[in-house]
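Contents: one structure, followed by commentary.
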Amino acid sequence: MNYIFFDDKAWHNLLPLTYTRPIAEIRVGILTISEKWKKHLTGTFSYLTQDYLAEKFTLNIEPNNILINGSVCPSIELLKAIEILPENTFLTKGDILIAAKINSSEIKTFLSEADKINQTGFDGEILKISFPWEIFKNNGQAIISDFELLTKGRISQPLGETNRAIQHENIFIEEGASVLFATLNASTGPIYIGKDAEIMEGSIVRGPFALCEHSALKMGAKIYGPTTIGPHSKVGGEINNSVIFGFSNKAHDGFLGNSVLGEWCNLGADTNNSNLKNNYEEVKLWSYPQERFIKTGLQFCGLIMGDHSKCGINTMFNTGTVVGVSANIFGDGFPRNFVPSFSWGGAGGFQQYATNKAIDVAEKVYARREMPLTETDKNILIHVHDLDAKWRNF
């Protein structure tokens, strides 16, 4: 079967995290949303996303297709409902288009005219990611689900005798991972250590927690779940209920709480974010489509940072701060709560971060991982620069 992940209106609500990816490539739990579906399904997979992302995240249309909403996570009940879905019919829950079985090449037309096409309601619960804060809010549930999916019927690598652990049965260590002189408390949720990952001496971890492949906890790290550290990342200091997509570093002391970092980010030493307002009021967060700060319904909400953004040592982020793509933040004091993409500066003011300089830095960061920054990647960054130009009114 040919499966196509499509973006619904949540793509706009999830900016800046989706500026550089379709929704299905968001990581929540251990896996990205697309990886979760691929663990259950057999076939080819592609994306129906924004035009400027389509060169990297390509679309493949066959005579028979199943469309899947990229913001919806799979469940056994949902998979069964999709399997028996009649041709040219949508599976819906309220006004949410979950999936569709289509034998037509007119995919975009089919989606735009969904209200005129046969629909079947889904009565079960769904996990849908529609706003940035829902990533860390639902991360615990997603870690538990992914842990069961990835470890069912498998045997963990042994946990070394130098470690202290509570509820070993909720700890799974993949091949090549190293854990030394650490404290792991899995009584509050499962702990997953990915392939070739490393937990260094003195680290203290409380589940639910996922350390993905080739990532590392630095010495003395303190991790409160539900937290996910995506692949090829290095983290230290104190982290609470946060998700790092991958290829990003928070390698030194400092606090990160109730936050989401995209890929290729770097937080300087002693960077801290506030995740609770002094007056304990509900946190508001910048909304790109509404062009204003909107209520999150949360008392705890920290930092949302898009891909390729970085900050210098001792940076302080206020409660509910949104940082776009390829921003560079430094200096003392709290920067504004919304930092547009390609901004350079801090509390003292911002100026535009030239695209050629930002791309030059991205090339160097990729090279450190022995990866190329392709022309397609560069074009995406240039397009994001132009999309966010209206906000750089400094």
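The table below gives the values:
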quantity: Beta bridge orientation in the chain: antiparallel %, DSSP, nearest 5; calculated: 25
quantity: For the chain, built as a Gaussian network whose Cα springs stay under 10 Å, the top-fluctuating residue of 143, 66, 155; calculated: 155
quantity: Lys, Arg +1 and Asp, Glu -1 on Cβ, resulting dipole of the chain about Cα centre, debye, nearest 20; calculated: 640
quantity: Highest-first arrangement of 156-162, 169-175, 359-365, where packing means the average Cβ count within 10 Å; calculated: 169-175, 359-365, 156-162
quantity: Over the range 2-130: Kirkwood hydrodynamic radius from C-alpha pairwise inverse distances, Å; calculated: 14.6
quantity: Expected 222 nm ellipticity per residue - DSSP helices of 4 or more, -39500 (n - 2.57), all of the chain, to 500; calculated: -5000 deg cm²/dmol
quantity: Ranked 209, 245, 45, criterion: other C-beta atoms within 10 Å, fewest first; calculated: 45, 245, 209
quantity: Alpha-carbon centroids, the range 344-364 and the range 296-325: separation in whole Å; calculated: 17
quantity: Unsatisfied cross-links (Cα-Cα over 18 Å) in the set 9/378; 128/152; 195/234; calculated: 9/378; 128/152
quantity: Within the range 222-295, GluC sites (Glu not before Pro) in DSSP loop having at most 16 other beta-carbon neighbours inside 10 Å; calculated: 281, 282, 291
quantity: Mean shadow area of the range 179-237, taken as a quarter of the surface of its Cα convex hull (nm²); calculated: 3.1
quantity: Low-density loop positions, GluC sites (Glu not before Pro), the range 70-112 - DSSP coil, at most 14 other Cβ in 10 Å; calculated: 87, 106
quantity: Rg/Rg_globular for the range 91-173, with Rg_globular taken as 2.2 N^0.38 Å and Rg from C-alpha atoms; calculated: 1.72
quantity: Exposure proxy order (Cβ contacts within 10 Å, fewest to most) of 12, 308, 232, 385; calculated: 12, 232, 385, 308
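A short reminder: the numbers here are calculations on the coordinates, not readings from a lab. Just so it is clear, the model here is predicted, and its values are computed rather than measured. Glycine also receives a Cβ, built like all others from the backbone with ideal geometry; neighbour counts cover every protein chain displayed.
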